Amino acid sequence: QVQLVESGGGLVQAGGSLRLSCTASGNIFSINNMGWYRQAPGKQRELVATFTSGGSTDYTDSVKGRFTISRDNAKNTVYLQMNSLKPEDTAVYYCHADRRIRSVLLGNDYWGQGTQVTVSS
């Protein structure tokens, strides 16, 4: 089993910044991919940022140029740096992890408990 714990959410004014953290523990050998999702009230959960199989990063169009995903493998931690925040970024942000080989999902996937990000106008 893998446990994912997010932190760093909060209330921020439009234009401000937050950095989310997600730390994995447990059987960390069962995961090799992590990313961030978010879900706003009444909306479908969407992928925000992830690492690609090619070793690069990918973002949903609405956050490109503002958000940056990074990782610290020694700490089993992934980060989401969010700059120039907009009210439409308001959502619960979830860390996600799985194991993929050449984009094929292997075994289970895991979700964190979510952290609330609220951006005021």
Q. Applying the selection to region 50-75, what residues are open to solvent by 50 Å² or more (accessible area, probe 1.4 Å) and either touching a residue at least 40 places away in the same chain (Cβ under 8 Å) or not in a strand (DSSP E or B) (or both)?
A. 52, 53, 54, 55, 56, 61, 62, 64, 65, 73, 74, 75
Q) Which of the residues that make up region 87-106 are farther than 18 Å from residue 51 by Cβ and touching a strand residue (DSSP E or B) at 6+ places or on another chain (Cβ under 6 Å)? A) 87, 89, 90, 91, 92
Q) Residues in region 12-24: is at least one closer than 21 Å to residue 113 by Cβ, of a type outside the set (A, V, I, L, M) and open to solvent by 40 Å² or more (accessible area, probe 1.4 Å)? A) yes
Q: Please verify whether region 103-120 includes one or more residues that are open to solvent by 50 Å² or more (accessible area, probe 1.4 Å), acidic (Asp, Glu) and under 16 Å from residue 27 (Cα atoms).
A: yes
(Q) Here is a list: 43, 64. Which entry is modelled with pLDDT of 95 or more and farther than 19 Å from residue 115 by Cβ? (A) 64
Q. Would you pick out the residues in region 89-103 that are under 14 Å from the mean Cα position of the chain (by Cα), part of a strand (DSSP E or B) and of a type outside the set (A, V, I, L, M)?
A. 93, 94, 95, 96, 98
Q) If you go through region 76-92, how many residues are among the small types (Gly, Ala, Ser), under 15 Å from residue 37 (Cα atoms) and surrounded by fewer than 17 Cβ atoms within 10 Å (Cβ to Cβ)? A) 0
(Q) For region 76-88, which positions are assigned to a strand (DSSP E or B) and of a type in the set (S, T, N, Q)? (A) 77, 81
Q) What is the residue count in region 52-85 for residues that are in contact with a strand residue (DSSP E or B) (Cβ under 6 Å, 6 or more places away or on another chain) and not β-branched (Val, Ile, Thr)? A) 11
Q: Go through (1) closer than 20 Å to residue 10 by Cα; (2) open to solvent by less than 30 Å² (accessible area, probe 1.4 Å); (3) within 12 Å of the chain's Cα centre (by Cα) one by one and return the number of the condition residue 39 breaks.
A: (2)
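The values are calculated or read from the model by the stated rules, or taken from the named source; none is laboratory data. Everything numeric here is computed off the predicted structure, so don't read it as measured data. All Cβ positions, even for glycine, are placed from backbone atoms using ideal geometry, and neighbour counts span all protein chains on display. Protein only, heavy atoms only, side chains kept; ligands, DNA and RNA dropped before computing areas. Shrake-Rupley method; radii C 1.70, N 1.55, O 1.52, S 1.80 Å.
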